[in-house]
Every structure is written in C-alpha cells, then in structure tokens.
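Asks: Got a structure for you, written out below as structure tokens; questions coming shortly.
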Amino acid sequence: MDEPVVRRLGRVGWGRRRLKRGGAFVLTGAALLLLGQATASKVAEAQARELATVKSAELHVYSQMDPTGKVVHTLLRGDLVEIDHGVTPAEGEWCSITEIGGSGTSGYVRCTKLERRAAGSSKPLRYIEEPPQKPMAKTTEPEVTQDGRYTLQVASLVLKRNALALKARLERLGFHPIVRLTTTPITRHQVYGGQFGSRKEAEMFAERLSRDGFPAKLVELDDGRVGLEVESYFTLNEAIDLAHRLQEQDYTPKIVSRAVPTPVHQVRVGRYHRRADALKTLEQLKREGLTPIIVRQ
C-alpha cells in the first residue's frame, strides 16, 4: 500500500464547521497531472501537425491526458487522425488529435497506439488493414457471417439498479439494450478507523467503533498490519464527510484512494457490421441526452 500523504482537516472543504479535535486523515491516490504550456517558434508551428493512423484494434480518446478520465470517443484500427504537436506536453506518451473523416472528435490518446505519417508523405495512408483483392474478384457485397462488429456502449454503471433503469428508458425509446456484467479497475476511497499490529487489538477497537455507530470490517494490509475499514466510496467528498464525523468522535481516520477491480454493468445497444451504421444510432442517442461510445466486439 502506498505511503499516504498527511492532510489536516480544517475549515476549507467542511462548510465552515469547526473540528472537535485536531486529528488528521491520510489521502493517497494518483498524482495530479501538471500540464505546462508549449512554446514553439513559427517554423515549428508550421510543422506541428502530422497525420497518423490507429494501429491498435481500438483506441480510446480521452477528454484530458488522464487514462482514468472521461472517454469521449473510441477509434478503430485504420482510422485517420491529425496530431497537433503544439499542444502535446509529453512526446511519446500523449498526443492531442483530431479525427479526420469520422465524427471529428478531438481529444488525447496514447501516442504509441498511432502509426505516424508525415503530412507531405507520398506513402499512401491505410484506413483499414485488409488482404489484397484477387484480380478477378467480384464486386458483390461480402456474405455476413458474424453477429456484428460494432456496438454502442451507452453507460458503464456500478449499481445494478441504475443499469436496469437505463435499460428500461432505452426500451421506451424503441431500442433493444442489453446489460453486460464485467470487471474494471475503479478508484475507490476507503475510510479507515485505524490500523493495528495484531488482529486481537483490531477486534477490540472495532467494538468501540461499532458502539459509536461506525461498524467496521477487518482488512489485511500489505505491510502485515490489520486495518479497520469503516466504509468505501466512489466519490471523494463522501469519504471526507465520513472522516470528519469520525474525527468528531475522537478517532484519527485515514482515507486511502486506489484502483480496485470492481464489477460494473455495461449497458449496450445494437450490433452493426458497418461503423457508419453505428454512428447513425450514436447520433440518435446523443439527441436523447446520452453519451454513448462505439466499441468493437
């Protein structure tokens, strides 16, 4: 477990409530990304843009340079994008891109997933990797042998009841959604009431927490100690609120934030053989206030 960074609870973030004790809780997690502004000469600006194709099966486009952030679009192998080096802070890690010939979505992707092409290169761009056609091949449509290459993921929800509610809403709109259960790493904020060197000591302290209205469970920690986890939240503000209430009862709480494998319910709509058909349905869902993304099956 990462060594937590100590943060004092004070007036800031507590709605001007006065703390009963000057205890502290610990908050650990992913470090904030520090972004700097790129400065470039006029010559560099003229060469700042570069064409590239997606070389992985699928590539998420993020709204920020953060792999845990919001996914605004999903590109597929062969999609053409334009790289803007003028706003790319870390060469070889993140690229600022704009999709060409598709939705026109802009955002950030991992540079290693792109196959670069110079803007003035005479080498042809490959949109889709396919085997060469035979000289006398017929021009008829290929026979469909799969259920579909693409689908639309409308949402990925932790709570099953929320997924079922969204499924019912989509059915009322005339769609035929499915709910797919999977597991993905999600940052959870675990509130601990204490950490102890022995299980017996932890069990005695757990009784005290329970009497004060904070039932806790024993958790084996990486360093061999035993922790008392009072609650776990997906939102940091809820974790901070519980830590404050523990302080008011003379406890010294600690918040540990880390990615934990979590069951999620993916609500998906449709099976499409062509990405263009999936895009049409995507636009329909957007008009209903939803934010779907295209995923390849």
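The values are calculated or read from the model by the stated rules, or taken from the named source; none is laboratory data. A quick note: this is a predicted structure, and the numbers were derived from the prediction, not measured. Don't worry about glycine lacking a Cβ; one is built from the backbone with ideal geometry, like all the others, and counts go over all protein chains shown.
Asks: Restricting attention to the range 166-188, does a residue exist that is of a type in the set (Phe, Trp, Tyr) and over 30 Å from LEU285 (Cβ atoms)?
Replies: Looking through the range 166-188, none of the residues is of a type in the set (Phe, Trp, Tyr) and over 30 Å from LEU285 (Cβ atoms).
Asks: OK, next. Looking at (1) part of a helix (DSSP H, G or I); (2) of a type in the set (Asp, Glu); (3) in contact with a strand residue (DSSP E or B) (Cβ under 8 Å, 6 or more places away or on another chain), can you tell me which one GLU283 breaks?
Replies: (3)
Asks: Do you know which residues across the range 215-236 are farther than 12 Å from GLN190 by Cα and surrounded by fewer than 17 Cβ atoms within 10 Å (Cβ to Cβ)?
Replies: Selection gives PRO215, LEU218, GLU220, LEU221, ASP222, ASP223, GLY224.
Asks: Hey, which of the helices (runs of 4 or more DSSP H) in the range 149-262, taking only ones fully inside, have at least 2 residues that are at pLDDT 90 or above, within 27 Å of the chain's Cα centre (by Cα) and not aliphatic (A, V, I, L, M)?
Replies: Filter on the range 149-262 gives 160-172, 236-248.
Asks: Now a separate question. Taking into account only those residues within the range 256-276 that are surrounded by 15 or more Cβ atoms within 10 Å (Cβ to Cβ) and either small (Gly, Ala, Ser) or without any contact (Cβ under 8 Å) to a residue 60 or more places away in the chain (or both), which is farthest from PHE175 (Cα to Cα)?
Replies: Looking at residues that are surrounded by 15 or more Cβ atoms within 10 Å (Cβ to Cβ) and either small (Gly, Ala, Ser) or without any contact (Cβ under 8 Å) to a residue 60 or more places away in the chain (or both), I get SER257.
Asks: Let me ask something additional. Got a number for residues in the range 145-193 being of a type in the set (Val, Ile, Thr) and under 30 Å from GLN247 (Cβ atoms)?
Replies: So the count comes out to 4.
Asks: Okay, moving on. Do we find that GLY194 is among the small types (Gly, Ala, Ser) and surrounded by 19 or more Cβ atoms within 10 Å (Cβ to Cβ) in this structure?
Replies: Here the answer is yes, as GLY194 does meet what is asked.
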